[in-house]
Ligand SMILES: Cc1cc2nc3c(=O)[nH]c(=O)nc-3n(C[C@H](O)[C@H](O)[C@H](O)COP(=O)(O)OP(=O)(O)OC[C@H]3O[C@@H](n4cnc5c(N)ncnc54)[C@H](O)[C@@H]3O)c2cc1C
């Protein structure tokens, strides 16, 4: 493994890619033989949502399917604000990117005739999910790409370093500041580069209940926002309705297929609460089920997935992964209902990018979940996120390759005071995100969260905590400003869609701070998260 001893050890004009998930690794491979440095907070293959993807990649590669049909499905679930051109572009490039992945060694499942096997997922009008060994897509894709990256001499990999600040001069990238993962006292290191690609994944770990790894804590979004990058649609966070509540962080998933097999959602009194909420009951769209589960828990009645009738003794054989997660926590799902809760799963919003993945900062690109391309609108269509990661990673590589860059020059290293994170600060922030900026939101709770996160992002003496608070503030402020309900964003004080607000959000950290300043009320007791 390459290490970073000091600033001068950094390669002169490398492209710096931050993130070792699908978007980062694919971009690095596409840029080869151009010299690239990949920086990852965790060792490659770990700490990335990509490796945990179970479904697969949406691609209209089957006979009778078309890019137009795929794009139409993407638009239909996106709450009216999907950029249709972007959705069509994604769908059209899917086949070519799947072939790239095959060339990098990904063993996608094939049918008896040797054609790519495609599965079906909710809200797709055709079978179009390309997968590996059933539910092993993410693991297999990342294993193949890590191997390809390790064999590519033009790619330098630096593992175990967290990007904590972007260095800029006059709205132009000049470098990146990184620090050894988990070592608050380590001296930060600056890497000079005029070309940085952020591929740092999502924000799930900002919530107390999430399916995402701890590295998905919104740091990439924060460091871009702190240098003034435009952020798009941050209020749109997708929650998975049935994470298993057995005290694990991140929470294991009880797959939607369980409800497809007839498992029901009940409260502690055994009542099927979804029957009263939607004609489709447990099979209603993901956001409706998530709200039903959330409301039942908030009312103190609890929520459980009951497969004892639908599956009973067949559970272990049909759903071995879920079975193992439950049994490890002392719950036998063949005989007992499984405690569940909604979990933050995917961020539709992110750093605003154009069709080449360019951000509003010169020399800064963003790809994968940290970016917002306009493809997902207010709600993501299943299995479109891995697709977006590869399509935009390839476009970013092509865009970077076509340009000449000025020699990198380092500006001042930002060395903020860095102290250990106060004991409960991160847990407090995550709890507040879940309770105040979660599945069901309202103006008062959002305002409370905004005030808390605004003071934390100004005052926190720990860099990671400050960056987490920055992203939390932007999400909360945009959720507060969108006074309607649309897609995954639900406001109990504005429960209907408002046609006048049928547009994407484009915002900045300054705007979020401005909202916080307007909401500041000295008389209100501010919470302290250890700032
Ligand atoms: C359980 C689960 C199942 C899913 N199933 C599917 C599916 O079937 N199909 C689908 O399309 N999508 C699925 N998704 C969503 C999809 O996996 C992600 O959206 C996608 O993998 C994101 O890829 P990425 O490369 O942008 O980020 P990631 O794969 O999360 O990679 C981010 C990388 O950045 C690193 N990093 C983060 N912050 C920093 C920092 N500050 N400095 C340095 N490095 C940093 C991380 O360590 C990691 O290497 C699923 C997600 C989860 C959690």
I want to confirm something. Restricting to the range 49-75 and keeping residues that are closer than 26 Å to residue 199 by Cα and outside any helix (DSSP H, G or I), which single residue is farthest from the chain's Cα centre (by Cα)? 60
Among residues of the range 211-248 being farther than 18 Å from residue 347 by Cα and in a loop (DSSP other than H, G, I, E, B), the residue nearest to the ligand (Cβ to nearest atom) is 248
Quick one: which of 142, 191 is closer than 22 Å to residue 33 by Cα and part of a strand (DSSP E or B)? 191
What strands (runs of 3 or more DSSP E), lying completely within the range 267-376, carry at least 1 residues that are over 24 Å from the mean Cα position of the chain (by Cα) and modelled with pLDDT of 95 or more? 304-306, 338-347
Among the residues of the range 315-327, is there at least one that is crowded, with 18+ Cβ neighbours inside 10 Å, away from the ligand (no atom under 15 Å from the Cβ) and without any contact (Cβ under 8 Å) to a residue 60 or more places away in the chain? yes
Any chance the range 435-447 includes a residue that's without any contact (Cβ under 8 Å) to a residue 40 or more places away in the chain, crowded, with 24+ Cβ neighbours inside 10 Å and either away from the ligand (no atom under 16 Å from the Cβ) or not in a strand (DSSP E or B) (or both)? yes
Just for the range 37-55: of the residues that are modelled with pLDDT under 95 and surrounded by 19 or more Cβ atoms within 10 Å (Cβ to Cβ), which one is farthest from the ligand (Cβ to nearest atom)? 45
For the range 194-210, what are the residues that are assigned to a loop (DSSP other than H, G, I, E, B) and within 10 Å of the chain's Cα centre (by Cα)? 200, 201, 202, 203
When you scan the range 76-88, how many residues do you find that are part of a helix (DSSP H, G or I), surrounded by 20 or more Cβ atoms within 10 Å (Cβ to Cβ) and either modelled with pLDDT of 95 or more or in contact with a strand residue (DSSP E or B) (Cβ under 7 Å, 6 or more places away or on another chain) (or both)? 2
Going by the conditions given, is residue 344 buried (at least 24 other Cβ atoms within 10 Å of the Cβ), out of contact with any strand residue (DSSP E or B) (no Cβ under 9 Å at 6 or more places or on another chain) and in contact (Cβ under 8 Å) with a residue 40 or more places away in the chain? no
Evaluate the following for residue 182: is it within 30 Å of residue 462 (Cα to Cα), under 25 Å from the mean Cα position of the chain (by Cα), modelled with pLDDT under 95 and part of a loop (DSSP other than H, G, I, E, B)? yes
So, residue 208, is that one within 12 Å of the ligand (Cβ to nearest atom) and either modelled with pLDDT under 95 or surrounded by fewer than 24 Cβ atoms within 10 Å (Cβ to Cβ) (or both) or not? no
Kindly evaluate residue 358 against the criterion of being away from the ligand (no atom under 16 Å from the Cβ), on the phi < 0 side of the Ramachandran plot and surrounded by 14 or more Cβ atoms within 10 Å (Cβ to Cβ). yes
Within the range 8-31, tally of residues that are within 20 Å of residue 192 (Cα to Cα) and either at pLDDT below 95 or away from the ligand (no atom under 13 Å from the Cβ) (or both): 9
Are any residues in the range 249-272 under 17 Å from residue 122 (Cβ atoms) and within 14 Å of the ligand (Cβ to nearest atom), and if so, which ones? 253, 254, 255, 256, 257
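The values are calculated or read from the model by the stated rules, or taken from the named source; none is laboratory data. What you are looking at is a predicted structure, and each value in this text was computed from that prediction instead of being measured. Positions of Cβ are backbone-derived with ideal geometry, glycine not excepted, and every protein chain shown enters the neighbour counts.
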